[in-house]
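Below is one structure, written out as structure tokens, with a few remarks after it.
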């Protein structure tokens, strides 16, 4: 089975050096879809309301074959102290 590499960009770039063995492209795509919400759950900054999380999937040859981005955007709607 082929190995895919999942590079993460969340304000800084984290290159995947180990990769993950997946059955095919569709399995790698599903892995990216599962990974993005997990990353964002723990990485949204407490002092900001905007953050984008991107996964770049590379194949064994090093070529980027897929990219997916999840965006968090918050907006306070009132001036209440709570």
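The values are calculated or read from the model by the stated rules, or taken from the named source; none is laboratory data. On a predicted model such as this, the values are computed, not experimentally measured, just so you know. As a convention, Cβ positions derive from the backbone with ideal geometry for all residues, glycine included, and neighbour counts pool all protein chains shown.
Here are the numbers for the structure shown:
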quantity: Residues (exposed (fewer than 13 other Cβ atoms within 10 Å of the Cβ) and either closer than 18 Å to residue 13 by Cβ or modelled with pLDDT of 95 or more (or both)) located in segment 51-82; calculated: 60, 61, 62, 63, 64, 67, 69, 71
quantity: Filter result (free of Cβ contacts under 8 Å to residues at least 24 places away in the same chain and in contact with a helix residue (DSSP H, G or I) (Cβ under 8 Å, 6 or more places away or on another chain)) within segment 19-63; calculated: 20, 22
quantity: Test set (1) out of contact with any strand residue (DSSP E or B) (no Cβ under 7 Å at 6 or more places or on another chain); (2) within 22 Å of residue 2 (Cβ to Cβ) - residue 68 fails condition number; calculated: (1)
quantity: Failed criterion for residue 16 (all others in (1) part of a loop (DSSP other than H, G, I, E, B); (2) in contact with a helix residue (DSSP H, G or I) (Cβ under 9 Å, 6 or more places away or on another chain); (3) modelled with pLDDT of 95 or more hold); calculated: (2)
quantity: Residue in segment 1-44 that is surrounded by the most Cβ atoms within 10 Å (Cβ to Cβ), counting only those that are over 17 Å from residue 69 (Cα atoms) and under 15 Å from the mean Cα position of the chain (by Cα); calculated: 4
